Amino acid sequence: MTYTFNKMAFKDKNFHLITVNDASAPISTNPNKKDWDMLFTKYITFVQAGPNSRYQPVAGVKVNVGCKVAQRDGIATDSDDTTSLAWNSDITEIGWDWKTFDMASTSYIMVPDRTYFIRTANGAVWKLWFTDFTVGTANFSFNTKLIRESASTKNMVQLKTQVYPNPASNALTIRNNESESLKATLMNAQGATILTDNLSAFTAKTITTSDFAKGIYFLQLSTLTTSNTQRVIFE
């Protein structure tokens, strides 16, 4: 039997899931690509184990398109330090090798002091570290912590401050329209603070963007009661 489907019919999804016996009825549980960040699954990959290497099934994690991952080793997992991270958009950047199998105890041991940072498509940065993986039942145990809110996060009380132009090619202006002082914090894509300044009420500050590398930055504007973060682009 021949089946035909139009890719545009599932343009909001990463996959078109079907069953072989009825390809005309796509599986309805397939989520929209905007609704997920990580996939915990089993997949086939190349595994090097001592002198032997082969493709074999592993239990691991894949990330969605638009997400970037940075792996940090050698620093305690309770540290939120995001400086000097190398970000990667590889779908299996988290993968499976955060655990090793111990033959003596017949259990998995987590790689010590390994932390993953996930930057989602909306600019939020999360920290993730694994605490256990159970043999047989394949239970993933892990912790997460929000390091930086997304650029689209809205507080109930919105700031009146203006930021323009965005994108900026030479200069970025922050005009404080609040009736109180404002703290401006500029962070790079890795979450490291590269500039801070305080603006008195109803004053303006100009940042010379040519002093910085071109790319995506995050500008956090904070008063005593409200904090907004937005993405800015330096061209």
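The values are calculated or read from the model by the stated rules, or taken from the named source; none is laboratory data. Since the structure is predicted, the reported quantities are computational estimates derived from the model, not experimental observations. Positions of Cβ are generated from backbone atoms using ideal geometry, with glycine treated the same way; all protein chains shown enter the neighbour counts.
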Exercise. Please tell me if residue 200 is outside the structural domain of residue 83 (by TED's automatic domain parsing) and among the polar types (S, T, N, Q).
Key: yes
Quiz item: Right, residue 55: among the aromatic types (Phe, Trp, Tyr), farther than 20 Å from residue 131 by Cβ, surrounded by fewer than 11 Cβ atoms within 10 Å (Cβ to Cβ) and not assigned by TED's automatic domain parsing to the domain that holds residue 138 or not?
Solution: no
Quiz item: Residue check: is residue 46 more than 20 Å from residue 187 (Cβ to Cβ), of a type in the set (Phe, Trp, Tyr), free of Cβ contacts under 8 Å to residues at least 24 places away in the same chain and not assigned by TED's automatic domain parsing to the domain that holds residue 217?
Solution: yes
Quiz item: Only one of 193, 134, 153, 223 is at pLDDT 90 or above and of a type in the set (Val, Ile, Thr); which?
Solution: 134
